[in-house]
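For reference, the structure discussed in these notes is given below.
Every number in this text was worked out from the coordinates using simple rules, so none of it is lab data. Treat the numbers as computed from the prediction; the structure is a model and nothing was measured. Because the Cβ atoms are built from the backbone with ideal geometry, glycine has one as well, and the counts that use them run over all protein chains shown.
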Amino acid sequence: MNPLLIGLFGLVLLLTLLLLRMPIGLSMALTGFLGFSMLSTFKAGFSLLGLVTYQTASNYTLTVIPLFILMGQFAGHSRMGADLYQGIYRWIGFLPGGLAMATVAACAGFAAVSGSSLATAATMGMVALPEMKRFGYDDRLATGSVAAGGTLGILIPPSTVMVIYGILTEQPIGTLFVAGILPGLLLSGLFLITIYILTMRNPELGPPGPRFSLRERIGALQSMGGLLGLFILVIGGLYAGWFTPTEAAGIGAFGALLVTLIKRRLNRENLLASLTETTLTTAMVFLILIGANIFGYFLAVSQIPEWVISRTTSLGMNRYLVLGVVCLVYMVLGCLMEGLAIMVITLPVIYPMMMNLGFDPIWFGVVITLFMEMSLITPPVGMNVFLISGVARDVPMAVIFRGILPFFLAMVVCLVLLILAPQIALFLPGTMSR
């Protein structure tokens, strides 16, 4: 049978399994195994299962994943996010929309040690939503700012999504982390501008909070010192070339543990919860990587990536027109599937095509990550929206999605700026110590 036809059948099978709610890692592994076996032999397919599983599980580079996850767990249990929110709240909470702005800023700060959008949104949701409700904030602005701010967890380093992208595309993880810094700050700034515009047009959306004394503001900086110091140590060390990504992750996890001990917020229950959650999340990520690699082998022998590249080249389309089509595809898929699933399924086909068109792989990694952020807040499967709905049980889902819209438009603006000025993502990596 024609390899391309088998490849297309494989893609249909994969989408069917995902629609049936089979875990993405298992869906890709099963599809890849069956497809590879049909194009070779079942003996070769079983050999592939064992080989890929062993190579993935024994890959030293992948130890960065559990270490960064553990750092985020310790950061969450030490209540760094709450301290950060209270500190920023004391400085800008008195502005119109100031509590929402403080939420976004705190999300950006907590993202620098958590690496997870869901963890960032959950942490800030429990801290910020009651405060905004107390001051009469509109439900749309309150929930929208938390859900959108939470997405910063996968753009501002460290980022689990960037680690997976780096592994699948064989790009340096440390460089990807540094590339996400300026786009992360840009998107945070666009969110703040969005809140400012909304509250200037309608001050009732976000009434100002109390004004704190200078002494209280300065005192609040002390509570933020642990988190800021941890970020500077980990990301600064990567940028300066002092640490490899794995070493930076180990130092970050140990530093987060120290901060938790110093704040006297570590107990037996928190320690066991951190270790358990780290184990479960790591197992999920490794299963996805194993499945993605098996599926990648299948796509390679089916010759689908080569076919897509040849067809794209033969059409003679401008590369930015092709990029526009890819962006549209990712936006549509973001409404139908979870972001990580979109990335690991599409990368084996989309990545070679983008490289053939001359796009920078580090820049494309940042763009892909931004699309993953968008998928977290787009209906009907936006995970951050569902999470915030669980925290703010009295707010209808439709209200949260309406509150998300202005922030989604800010993401689109960020995407356009990244396309028009790739150096936003590439400037800092270009200055890194070698």
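Brief remarks follow.
- Estimated inter-spin distance, ALA398 and VAL329, nm [label 7 Å along Cα→Cβ]: 3.4
- The stretch 6-43 and the stretch 132-197 have Cα centres lying 33 Å from one another.
- You can think of it this way: the chain between LEU185 and LYS263 has 25.3 nm of extra reach, that is 0.36 nm per residue less the Cα-Cα gap.
- In plain terms, the residue of CYS414, CYS107 with the fewest other Cβ atoms within 10 Å comes first and the most crowded comes last, giving CYS414, CYS107.
- Highest mobility in the GNM of the chain, judged by mean-square fluctuation with C-alpha springs under 10 Å and restricted to GLU269, GLU247, GLU204, is found for GLU269.
- Ellipticity at 222 nm from helices only: DSSP H runs of n ≥ 4 in the chain, each -39500 (n - 2.57), divided by the residue count, give -26500 deg cm²/dmol.
- Here the extension length gained between TYR54 and MET126 equals 21.9 nm, from 0.36 nm per residue of separation less the Cα-Cα distance.
- For the stretch 61-430, with +1 on Lys and Arg beta carbons and -1 on Asp and Glu, the positive-most of THR312, ASN202, ASN267 along the dipole: ASN202
- All-pairs Cα distance distribution in the stretch 148-252, expressed in whole percent, bin size 10 Å: 13, 31, 31, 18, 7, 0
- Comparing the chain with the 2.2 N^0.38 Å rule of thumb, its C-alpha radius of gyration ratio is 0.99 (two decimals).
- Among LEU214, LEU409, LEU357, the largest mean-square fluctuation in a Gaussian network model of the chain, built with springs joining Cα atoms closer than 10 Å, belongs to LEU214.
- Shown for the stretch 39-151 is the translational diffusion coefficient from the Stokes-Einstein equation, using the Kirkwood radius over Cα pairs, a temperature of 25 °C and a viscosity of 0.890 mPa s: 153 µm²/s.
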